[in-house]
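These notes are about the structure you will find just below.
Nothing in this text is a laboratory measurement; each read-out follows from the coordinates by a stated rule. Nothing here was measured: the structure is a model prediction, and the numbers come from that model. Counting neighbours? That spans all protein chains shown, and the Cβs are built from the backbone with ideal geometry, glycine included.
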Amino acid sequence: MKPVVVLDACVLFPMPLCDTLLRIAEAELYRPHFSQEILDEVTRNLVKKRRMTVEKTARYQKQIKQSFPEAIVEDYEKLIPIMTNDPKDRHVLAVAVKVKADLIVTSNLKDFPNESLQLFDIKAQHPDDFLIDLCSDFGRDTLAEIICTQAESLIKPPMTVKDLLNRLSLQVPNFSNYILSELYSFRISNIAKKTIRLVGKSYPNHERVYQGEQYCLQAKNKTLSITHKTRKEIFKETDNNIVKANFTIEDLEKFENFEDKLNQEFPQP
């Protein structure tokens, strides 16, 4: 059964994250809920931070309500006085209780202590953990496809998938790395193999190694591994099957920059 989720204002305010969460909801991976009060808090902050005009926020709210007509929760106000979490977020918990939510997705976990939630069998979860759980439940490839579609739709300003993941990493860094690994693992693998082939050193037992300042690349017995000097193993491939991928956008960019240098030093005929 799809989880019933109340989205706190703090996860709807950053536009890339809001877009991602609502696109995933459109894909029916969970059931989103929020109140008018939560939406008003979002739009007040958008105006305050000069991200939107008052007129644009009105259209923004209308669009959300039209896209998710069953998401708005009403008649929860009488529950607010019996909530015991942080006073400024008691309305959020009241919404969750009213709709019998499984989760409140929020970046402000401290405002929703377990002792205030357990009576109602509700949990508070950071959006990073929520999105990673969805990856586990529905597959990284499913979430990666949604992210690719989101990036393709962005026009003002246009963004590549890497640009979008870089923006998302500000709020959901682990999820961003999950999707990055899903989409770019073969790219990392190909660059590593090229590096080992062109500038790696040969050792006994068919082992080849390239030792850089930050990364060690090793190929032996049909296994390719990449080790970071401080984060240890970030990638492993056996028999052309990727068994581990945990790299960052910074890692990917460094590999791509190094490939550019290799291409200059070893131009292809």
Query raised in the report: List, please: which pairs have Cβ atoms under 8 Å, are six or more places apart or on different chains, and start with a residue in region 103-117 that is over 16 Å from Val172 (Cα atoms) and end with one that is in a helix (DSSP H, G or I) and of a type outside the set (A, V, I, L, M)?
Result: Leu103/Phe130; Asp111/Lys88; Asp111/Asp89; Phe112/Asp89
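Conditions tested, residue by residue: (1) among the aliphatic types (A, V, I, L, M); (2) closer than 22 Å to Ala9 by Cβ.
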{"residue": "Arg90", "(1), (2)": "no, yes"}
{"residue": "Val95", "(1), (2)": "yes, yes"}
{"residue": "Val99", "(1), (2)": "yes, yes"}
{"residue": "Leu103", "(1), (2)": "yes, yes"}
{"residue": "Ser107", "(1), (2)": "no, yes"}
{"residue": "Gln118", "(1), (2)": "no, no"}
{"residue": "Asp121", "(1), (2)": "no, no"}
{"residue": "Ala144", "(1), (2)": "yes, no"}
**Report entry** Test: residue in region 163-178 that is in a loop (DSSP other than H, G, I, E, B) and under 21 Å from Pro3 (Cα atoms)
**Finding:** yes
Query raised in the report: Of the conditions (1) outside any strand (DSSP E or B); (2) within 30 Å of the chain's Cα centre (by Cα), Arg197 fails just one. Which one is it?
Result: (2)
Report task. Provide a single number: the residues in region 72-105 that are in contact with a helix residue (DSSP H, G or I) (Cβ under 6 Å, 6 or more places away or on another chain) and either hydrophobic (A, V, I, L, M, F, W, C) or not in a helix (DSSP H, G or I) (or both). Result -> 12
Query raised in the report: If we keep just the residues of region 226-263 that are among the β-branched types (Val, Ile, Thr) and not in a strand (DSSP E or B), which is surrounded by the fewest Cβ atoms within 10 Å (Cβ to Cβ)?
Result: Thr230
Query - Which numbered condition Ser181 misses (of (1) among the small types (Gly, Ala, Ser); (2) in contact with a helix residue (DSSP H, G or I) (Cβ under 9 Å, 6 or more places away or on another chain); (3) closer than 22 Å to Glu28 by Cα) - result: (3)
